[in-house]
Amino acid sequence: EAGALPSLLPGGRPVADAAARAEVARTWGVGSLPADAGYDTSQILDAAARGDLKALVVGAVDPDDLPDPAAALAALESARFVVSLELRVSAVTDRADVVFPVAAVAEKPGTFVNWEGRAGSFAAALGVPAARSDLQVLAAIADEMDVHLGLPDGATALRELDGLTRNAAAAARAGYGGSPPRASIAAVSAATKSPPIPGGALLATWHNLLDSGRLQDGEPNLAGTARAAVARMSAATAEAAGTADGAKVSVATSRGVITVPVEITEMPDHVVWLPANSAGSAVRRVLGAGHGSEVTLRSAE
């Protein structure tokens with residue numbers, strides 16, 4: 001919705017759409033917008049590691065959530081200048097040249113978009129005049145760079161975003177440029193992968209609702225209710241690895257090993273599931289792996 005993805009403009013329109021670029025440029029009062037897609041997160045970090053970026057602004061990112069946490073931290077250390085927007089000390093603030101403490105969610109207004117794509121706005125629940133929002137910090141940085149955003153508060157930003165979306169829809173209805181208001185979602189076929197090597201499996205992973213995320217810092221009672229980390233696999237996969245339900249299995253890559261109990265689950269053979277970032281199962285940091293990565297399985301009994 002905000003146009004923060006490398007291939008999209010605000011309102012979900014493609015950067016490659018000339019009519020959409022022209023509409024956004026008119027709204028912003030600029031001559032034109034570039035037609036090329038921007039960098040995604042991994043490309044930004046690669047550019048920082050190469051020294052191609054003069055500065056890097058990081059807003060509330062936990063390196064353990066990135067595809068390769070070790071590479072992300074190395075990129076931050078290699079970057080020429082790092083600005084961090086954060087609530088408290090983190091691996092990013094440890095490596096930043098400047099840290100701006102920003103307001104927590106309860107201390108500022110804003111908008112969330114849920115997994116159904118429905119937007120919901122909210123007002124500040126706690127009045128903390130001294131706490132500056134991310135928007136205020138970014139606007140101050142932009143002013144110092146002589147780039148004036150004209151967004152003094154969240155309500156103004158939301159009105160501009162709504163205006164961009166409405167203008168795009170009106171332009172599409174009027175046939176302006178013949179372009180749709182939003183990028184279409186392309187249908188894709190499921191990728192096929194060859195069976196893993198003997199003793200191997202393909203990794204599936206996602207975050208549990210309660211895991212080792214930073215929002216649980218200082219709240220051991222809530223963190224204590226999180227699900228214990230297990231390795232889910234079919235009975236045939238467990239048998240091939242020499243393990244069984246309730247026994248422990250070691251899931252390994254060339255980077256590291258995670259050892260957790262087995263939970264037999266009805267699922268495809270030669271696949272193992274691990275929680276992405278739970279206590280005892282930091283998949284990206286320890287294994288350097290993600291969805292579809294090849295891992296090896298062996299009994300840890």
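Structure above, values below:
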item	result
Simple spin-label estimate for Glu219 and Thr259 in nanometres, 7 Å along Cα-Cβ	3.3
Solvent-accessible ranking of Ile197, Ile141, Ile264, Ile258, largest area first, probe 1.4 Å	Ile197, Ile264, Ile141, Ile258
Dipole of the chain, positive end: most advanced residue of Phe112, Ser254, Gly31 [Cβ charges, Cα centre]	Gly31
Net lengthening on full extension, Asp40/Ala91 (0.36 nm per residue, minus Cα-Cα)	16.3 nm
Counting DSSP beta bridges with both ends in the chain, the antiparallel % (nearest 5)	55
Interchain or long-range residues, amide H under 5 Å from Gly11's placed H	Ala2, Gly3
Glu239 accessible area, assembled protein chains, probe 1.4 Å, Å²	150
Protection proxy ranking, peptides 67-74, 221-228, 11-18, average beta carbon neighbours within 10 Å, highest first	11-18, 67-74, 221-228
Chymotrypsin sites (Phe, Trp or Tyr not before Pro) within region 89-127: DSSP coil, no more than 11 neighbouring Cβ in 10 Å	Trp115
Accessible area of the chain divided out per residue, in Å², using a probe of 1.4 angstrom	58
Full-extension gain in nm, Val30 to Leu5, via 0.36 nm per residue minus C-alpha separation	7.0 nm
Debye intensity ratio I(q)/I(0), log10, region 207-258, q values 0.26, 0.29 Å⁻¹ (C-alpha model)	-0.98, -1.07
Which labelled figure in [x] 40, 25, 20; [y] 34, 23, 18; [z] 43, 25, 18 is semi-axes √(5λ) of the Cα gyration tensor in Å, once derived from the coordinates	[x]
Per-residue [θ]222 nm for the chain (sum of -39500 (n - 2.57) over DSSP H runs n ≥ 4, rounded to 500)	-7000 deg cm²/dmol
Portion, in percent, of the accessible area of the chain that falls on carbon or sulfur, probe 1.4 Å	57
Solvent accessible area, Å² - Arg182, 1.4 Å probe, full protein context	100
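The values are calculated or read from the model by the stated rules, or taken from the named source; none is laboratory data. Note that the coordinates shown come from a computational prediction; the quantities given were computed from them, not determined experimentally. All Cβ positions, glycine included, derive from the backbone under ideal geometry; neighbour counts span all protein chains shown. Side chains are part of the model used for accessible areas, which takes the heavy atoms of the whole protein and leaves out ligands, DNA and RNA. Shrake-Rupley method; radii C 1.70, N 1.55, O 1.52, S 1.80 Å.
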